[in-house]
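I have placed the structure first, in the form of structure tokens, so that the comments after it can refer back to it.
The values are calculated or read from the model by the stated rules, or taken from the named source; none is laboratory data. A quick note: this is a predicted structure, and the numbers were derived from the prediction, not measured. Virtual Cβ from ideal backbone geometry, glycine too; neighbours counted across all protein chains shown.
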Amino acid sequence: MSKVWWGLKYLEHFFKASFFNKKNSDFIEKLKEEVIFNDQHFYFFDEINAYRQELKSDKRKIEGLDLGAGSLVQTAKEKEVRTFAKNSGSPLAIGEILYKLTIYKKAETIFDLGTCLGFSALYLSKGFSKSYVRTFEGNEGLQKIAEEAFSRFNSNVKTVAGNIDETLPNELAKVDNVDIAFIDANHRYEPTVRYFHQFLEKVHQDSVLIFDDIYWSKEMNKAWNEIKSHPKVSHSIDLHKVGMVFFQNKYKTKEDLHLFLKEIYFQN
């Protein structure tokens, strides 16, 4: 990732979010109020943050090669759990958005691509009582740590081990539709766009697809721009760290907007 390019894109995002957002549709305004800028604090946020702090001192070794791009373990034979806890996983603000989104959407069928230590799957599984999360991880060591967390928090999560390119089609074939998918796996253009098209076959009007690290690289940003421009996408929200696409076909005018949430990068 080029830090200079990333920084310029961040400034561009801040500028667009500050000056170019006009009055939005009722759909977007309600989403902003109920999810993105909703500052309601849930007790679970304290619990999961305490668990994250525990893992920051966990010296157990994780071995094996990561199957995606943009990972700390991509070129390393092993890393300690605490390294992942400090440097990987979604920021707290994104996790809290995922949690509130499941409540807002009453999401039952949820896919999480890229388990890592399990934080995103926990947020996705604990908001709405009927949520069932399928989370995908290619590294057995990470999967084991994540499963400890799912057991600890009594989460309704199924871990799917192996290469996502092979396991995702099989799991998608088992469901009629997907309510929410969080894609934080292979940060390259081709697999990201492929995942989008695979999920596209299972989305409905109230589905949400969320793509992490949309400014990780020019290649990843190209994928995001192509995804949000797809004819079936009615609305897109760019939070810089993640991008969200929606499929509200009753709206004839497409909405693409940038929103600035300082907590994404400036939250303890």
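Small (Gly, Ala, Ser), closer than 21 Å to residue 9 by Cβ and surrounded by 19 or more Cβ atoms within 10 Å (Cβ to Cβ): which single residue out of 229, 234, 217 fits that description?
217
Residue-by-condition table, conditions (1) under 23 Å from residue 230 (Cβ atoms); (2) more than 17 Å from the chain's Cα centre (by Cα):
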residue: 135; (1), (2): no, no
residue: 170; (1), (2): no, yes
residue: 178; (1), (2): yes, no
residue: 188; (1), (2): yes, no
residue: 200; (1), (2): yes, no
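Is it the case that some residue within region 75-95 is in contact with a His (Cβ under 7 Å, 6 or more places away or on another chain), at pLDDT below 95, small (Gly, Ala, Ser) and farther than 17 Å from residue 47 by Cα?
No - not one qualifying residue is present in region 75-95.
Collect the residues in region 190-206 that are more than 18 Å from residue 220 (Cβ to Cβ) and crowded, with 20+ Cβ neighbours inside 10 Å, keeping them in residue-number order.
Once the filter is applied, which keeps residues that are more than 18 Å from residue 220 (Cβ to Cβ) and crowded, with 20+ Cβ neighbours inside 10 Å, region 190-206 yields only 203.
Quick test for you: out of 117, 101, 122, 92, pick the one residue that is out of contact with any strand residue (DSSP E or B) (no Cβ under 6 Å at 6 or more places or on another chain), surrounded by fewer than 20 Cβ atoms within 10 Å (Cβ to Cβ) and not polar (S, T, N, Q).
So the residue among 117, 101, 122, 92 that is out of contact with any strand residue (DSSP E or B) (no Cβ under 6 Å at 6 or more places or on another chain), surrounded by fewer than 20 Cβ atoms within 10 Å (Cβ to Cβ) and not polar (S, T, N, Q) is 92.
For region 108-126, enumerate the residues that are free of Cβ contacts under 8 Å to residues at least 60 places away in the same chain, touching a Phe, Trp or Tyr at 6+ places or on another chain (Cβ under 7 Å) and over 16 Å from residue 242 (Cβ atoms).
115, 118
Yes/no matrix, rows are residues, columns are (1) surrounded by 12 or more Cβ atoms within 10 Å (Cβ to Cβ); (2) among the β-branched types (Val, Ile, Thr); (3) free of Cβ contacts under 8 Å to residues at least 40 places away in the same chain:
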{"site": "26", "(1), (2), (3)": "no, no, yes"}
{"site": "31", "(1), (2), (3)": "yes, no, no"}
{"site": "36", "(1), (2), (3)": "yes, yes, no"}
{"site": "45", "(1), (2), (3)": "yes, no, no"}
{"site": "56", "(1), (2), (3)": "yes, no, yes"}
